[in-house]
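Note sheet for the following structure.
The values are calculated or read from the model by the stated rules, or taken from the named source; none is laboratory data. Quick caveat, the model's predicted, so the values are computed rather than measured. Neighbour counts run over all protein chains shown; Cβ positions are idealised from the backbone, glycine included. Please note that ligands, DNA and RNA were not included when accessible areas were found on the heavy atoms of the full protein model with its side chains. Shrake-Rupley method; radii C 1.70, N 1.55, O 1.52, S 1.80 Å.
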Amino acid sequence: MEDKGYNPAHIEDKWYEYWEREGLFRADNSSTSQPYSIVIPPPNVTGSLHMGHALNNTLQDILIRMKRMQGRNTLWMPGTDHAGIATQNVVEKELAKEGKSRHDVGREAFVQRVWEWRAKYGGVIINQLKKLGASCDWSRERFTMDEGLSRAVKLVFVTLYNDGLIYRGDYIINWCPRCHTALADLEVVHDQRRGHLYHIRYPITDGSGAYITVATTRPETMFGDTAVAVNPGDKRYEGLAGKKALLPIIEREIPIIFDAYVSTEFGTGALKVTPAHDLNDFQIGNTHGLERVVVIDDDGAMNENAGPYVGMDRWAARDKVVEDLNTAGLLEKIEDYPVPVGTCYRCQTVIEPILKKQWFVKADVLAKEAIKAVEDGRTRIVPKQWEKTYFEWMYNIRDWCVSRQIWWGHRIPAWYCEDCGEVIVSMEAPAACTACNGANLRQETDVLDTWFSSALWPFSTLGWPDETKDLAVYYPTSVLVTGFDILFFWVARMMMMGLYFKKEVPFRDVYIHALVRDEQGSKMSKSKGNVIDPLTIIDKYGADAFRFTLAAFAAMGRDVKLSEGRIEGYRFFINKLWNAARFVTMNLDDGYVPDYDFGDRDLSPADRWILSRLETVTGQATQALEDYEFNNAAGALYQFAWHEFCDWYLEVSKIYLSSDDTIAVKRVRDILVYCLDTVIRLLHPIIPFVTEELHTKIPGATGCLVTGPFPVRNDSLVNAAAERDFEQVQILVTGIRNVRGEMNIHPKKRLVAIISAKDKDQAVIRENVEYIKTLAGVEEVQLGESISRPEASATAVCGPFTVYIPLAGVIEFDEERKRLSSEIEKVNEEIDKVNRKLGNDEFVKKAPEEVVLKEKDRMAVLVSKKERVAESIDRLEDYFKKGGN
RNA sequence: GGGCGGGUAGCUCAGUUGGGAGAGCACCGGCCUUACAAGCCGGGGGUCACAGGUUCAAACCCUGUUCCGCCUACCA
């Protein structure tokens with residue numbers, strides 16, 4: 001190991017290629033060990049890796065790598081999603097550059113073109129996942145438009161249709177006039193824009209010259225009005241029962257109806273009802289049997305029903321209508337009003353609610369099982385708080401509009417008979433109409449919502465509808481790792497489909513992680529310009545540092561706020577690890593053969609301590625990962641590797657390594673190597689590249705770290721007494737260092753430490769005296785219960801020990817008194833706090849005995865400390881009064 | 001309108017059944033101590049948003065207030 005610093009660029013690609021070449025990520029469905037499987041949330045085939053992917057896949061990779069090392073039969077199933085609208089948009093843009101639209105090239109050629117695009121660019125995100133280190137089984141990679149997955153989609157559609165769970169019907173749907181397709185409710189992004197509330201007069205046709213004033217934000221839809229509705233209890237409009245109003249401009253008569261839906265408070269209390277362009281109005285229309293008049297076409301322009309405005313864009317028409325109404329004296333007033341609008345999640349165009357015939361999945365039936373599965377714990381949602389959100393949505397689920405009027409996607413397997421109107425839904429194109437035997441059949445042109453195929457992902461990727469070995473072994477999957485933003489889009493629907501078609505939940509656990517945000521906590525978006533590109537980060541800091549950062553910040557239920565500074569910080573950790581390994585390996589000799597059996601050996605206090613800590617941390621880190629507490633695992637390992645192993649044990653080891661005691665040297669080498677080996681194994685799931693590289697430096701290492709084994713806590717090495725003793729040493733050493741720091745004593749200046757301690761506390765000093773000397777820069781230690789102390793000395797009160805450091809000629813009275821006084825102040829504060837507790841009879845009476853005892857102990861310690869510090873001040877004053885120094 | 005989450009050190013956040021307020025970064029001081037200056041040693045810094053309540057004891061449990069974020073929704 002020559003390099004002083006770690007350089008990820010030299011290592012990461014090399015290892016990924018090696019792992020893949022050796023087939024180490026490949027699942028073996030004939031394995032007899034317990035399966036552990038994850039299906040990747042398939043990224044859009046058009047996508048490129050963003051922070052969300054990076055976090056999502058890092059967490060999955062950590063889990064799957066740990067399980068793989070533990071010897072489980074692991075499968076991480078990868079793949080991509082055909083992303084209907086998004087992909088179609090990309091290719092349409094490409095066409096636009098050639099001055100063509102998809103209609104110019106035709107459906108078949110267009111779809112062909114999308115496939116070509118996918119072949120060329122569809123692999124981008126896959127390669128980016130590899131950069132990140134994702135250990136997916138790429139030999140099984142799937143695509144939602146695969147032949148197999150397409151078959152699954154068709155079968156599901158046909159089955160649901162035959163079971164009465166898919167129907168076709170008229171409904172108000174969310175229409176994107178730019179994408180030319182319907183959108184599911186979930187695909188509409190709600191927004192609020194500045195707009196107006198227009199008060200428009202509709203003349204009453206009773207010849208009285210009266211009129212009714214309606215308030216609307218969308219005057220251009222008035223040509224689709226088929227009623228004016230008022231609240232039945234609204235006294236203002238009592239007299240209008242049975243009367244009709246006249247739609248201005250096109251002069252069509254419409255009834256005045258009474259419906260409790262209308263609020264008397266809002267606007268004028270009179271509502272224009274446009275059943276073909278508003279969901280509420282649609283429902284009112286249903287109740288009252290109103291006519292439905294569509295006035296806006298698929299491009300968002302006014303149609304022939306809009307009279308003189310035909311052909312005008314809906315926004316232009318609005319202005320013109322308002323102007324014309326004003327001219328006609330029918331515009332009462334215009335108020336500023338924030339208008340809620342829905343926009344297309346793909347292109348931000350304001351969606352138009354339009355009445356159209358669409359295909360729907362009856363969701364409430366499917367939701368029932370999906371609710372039950374979470375209620376009775378067959379699927380566990382982690383963190384639990386998301387269960388509530390899940391239930392909330394599931395209980396209020398609405399039918400799912402699954403038809404999309406685009407070309408890229410799974411074409412709905414339905415045919416219409418042009419002769420008799422029969423609708424035939426089947427796996428294969430029927431030769432003749434099943435009703436009239438006519439041959440005049442036309443296939444449905446709509447395709448299915450992309451989420452329809454994604455909903456099948458956990459079983460369709462495993463081979464369903466065939467009863468494959470993979471399906472038998474890996475379904476249900478162990479865990480689904482995903483962001484809460486697609487809890488409804490995806491998770492809920494997978495639950496419904498999995499339960500319906502496999503009669504089993506698709507996953508045992510759902511781990512919901514947070515969103516990655518920028519350091520201010522804003523969502524990263526291109527328009528805000530605050531996106532951090534994962535690939536740039538990987539190039540700059542290495543995938544390991546990046547992954548560690550994500551893991552360290554992935555606390556449950558919290559967003560991950562990311563900044564480059566943090567990633568840089570964790571790169572330092574990787575480097576630290578690298579250098580620790582350098583130190584260890586530099587201190588081995590050629591013939592070194594490790595021996596990890598420490599049971600019969602004469603261990604030093606430091607050995608016992610670090611081994612105990614190592615095993616404890618092994619347990620903690622493992623448990624944390626089992627519980628999806630990624631931050632805790634990362635934190636525990638960081639703390640141990642850096643602040644225990646490197647800061648303390650490595651320093652202590654130097655004492656032995658430079659000694660002539662060959663047995664001790666061998667023992668310390670073994671422990672160093674054992675700790676290093678264990679730590680890099682524990683860290684491998686989080687930072688696979690550097691650990692794999694370091695693994696090759698471990699003497700006697702065979703195979704790849706990827707295949708494990710993962711450390712298991714060795715309880716026989718856990719030693720609470722050893723941990724306590726070494727903590728005493730740490731307290732003592734830190735105390736002496738503190739004096740050194742505060743008194744500005746040069747680090748190289750050797751000190752004398754005169755330690756006063758009760759008999760019972762002296763053993764630990766004697767056993768660790770060499771450590772104390774080395775770590776605190778002490779050349780001589782004197783120890784006794786009532787040891788005589790030099791007059792001019794600094795004092796460190798450390799736990800049960802009082803350390804005097806002779807500083808004749810160096811010590812400055814004011815400095816030391818200030819230091820000790822502030823020490824007393826701190827102690828006094830603590831004493832006050834404890835006093836308040838112990839002085840409270842209720843506390844002593846009611847608190848558990850152990851708590852009271854603990855407080856009493858604490859008080860004794862504090863009082864003793866205070867006395868010792870106070871005494872030091874006194875002596876110091878005496879000394880200087882006598883004219884010392 | 002409904003729901004959820006959050007307000008803890010200058011910044012970003014931990015704090016797991018209520019019992020001595022923590023980390024990383026930043027900051028200050030001292031060190032090139034042969035693994036690492038991407039480092040080492042030491043240090044300062046917080047009425048745990050606010051107000052009540054429960055309790056011997058509250059950052060933690062309850063109620064209210066306030067601010068922020070997100071999801072969701074058919075008052076035009």
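From A:GLY79, A:GLY84, A:GLY133, which residue is modelled with pLDDT under 90 and either out of contact with any Pro (no Cβ under 9 Å at 6 or more places or on another chain) or not basic (Lys, Arg) (or both)?
Values: A:GLY79 fails: modelled with pLDDT under 90; A:GLY133 fails: modelled with pLDDT under 90.
The match here is A:GLY84.
Can you tell which of A:ILE745, A:ILE736, A:ILE811, A:ILE787 is within 12 Å of RNA strand B (Cβ to nearest atom), farther than 20 Å from A:TRP648 by Cβ and not charged (D, E, K, R)?
Values: A:ILE736 fails: farther than 20 Å from A:TRP648 by Cβ; A:ILE811 fails: within 12 Å of RNA strand B (Cβ to nearest atom); A:ILE787 fails: within 12 Å of RNA strand B (Cβ to nearest atom).
Criteria check complete, one pass: A:ILE745.
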Check segment A:300-313 and report whether any residue there is touching a residue at least 12 places away in the same chain (Cβ under 8 Å), assigned to a strand (DSSP E or B) and over 20 Å from A:LYS356 (Cβ atoms).
no
Return yes or no: is A:GLU615 charged (D, E, K, R) and more than 12 Å from RNA strand B (Cβ to nearest atom)?
yes
I'd like the full set of residues that are open to solvent by less than 50 Å² (accessible area, probe 1.4 Å) and within 12 Å of RNA strand B (Cβ to nearest atom), limited to segment A:656-674.
A:LEU657, A:LEU672
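From the list A:VAL341, A:VAL365, pick out the single residue that is over 22 Å from A:VAL479 (Cα atoms) and within 14 Å of RNA strand B (Cβ to nearest atom). Break it down stepwise before answering.
On the way: A:VAL365 fails: within 14 Å of RNA strand B (Cβ to nearest atom).
Testing whether each residue is over 22 Å from A:VAL479 (Cα atoms) and within 14 Å of RNA strand B (Cβ to nearest atom) leaves just A:VAL341.
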Could you tell me whether A:ILE334 is open to solvent by less than 20 Å² (accessible area, probe 1.4 Å), away from RNA strand B (no atom under 13 Å from the Cβ), part of a strand (DSSP E or B) and among the β-branched types (Val, Ile, Thr)?
no
Which strands (runs of 3 or more DSSP E) sit wholly inside segment A:767-858 and have at least 3 residues that are open to solvent by 20 Å² or more (accessible area, probe 1.4 Å)?
A:778-784
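The rows are residues; the columns are (1) over 20 Å from A:PRO78 (Cβ atoms); (2) open to solvent by 40 Å² or more (accessible area, probe 1.4 Å); (3) more than 45 Å from the chain's Cα centre (by Cα).
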position	(1), (2), (3)
A:CYS433	yes, no, yes
A:GLY438	yes, no, yes
A:ASP449	yes, no, no
A:THR461	no, no, no
A:PRO465	yes, no, no
Sort out which residues of segment A:359-409 are in contact with a Phe, Trp or Tyr (Cβ under 9 Å, 6 or more places away or on another chain), open to solvent by less than 10 Å² (accessible area, probe 1.4 Å), assigned to a loop (DSSP other than H, G, I, E, B) and farther than 18 Å from A:LEU487 by Cβ, and write them in order of number.
A:VAL402, A:TRP408
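Considering each residue of segment A:60-76, count those that are touching a helix residue (DSSP H, G or I) at 6+ places or on another chain (Cβ under 8 Å) and surrounded by fewer than 23 Cβ atoms within 10 Å (Cβ to Cβ), and give that number.
Taking segment A:60-76 first, the residues touching a helix residue (DSSP H, G or I) at 6+ places or on another chain (Cβ under 8 Å) are A:61-63, A:65-66, A:68-69, A:73-76.
Now narrow it down to the ones that are surrounded by fewer than 23 Cβ atoms within 10 Å (Cβ to Cβ): A:69, A:73.
The number of residues fulfilling the criteria is 2.
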Given the conditions (1) closer than 20 Å to A:ARG875 by Cβ; (2) surrounded by 15 or more Cβ atoms within 10 Å (Cβ to Cβ); (3) more than 16 Å from RNA strand B (Cβ to nearest atom), and given that A:LEU751 satisfies all but one, which numbered condition is not satisfied?
(3)
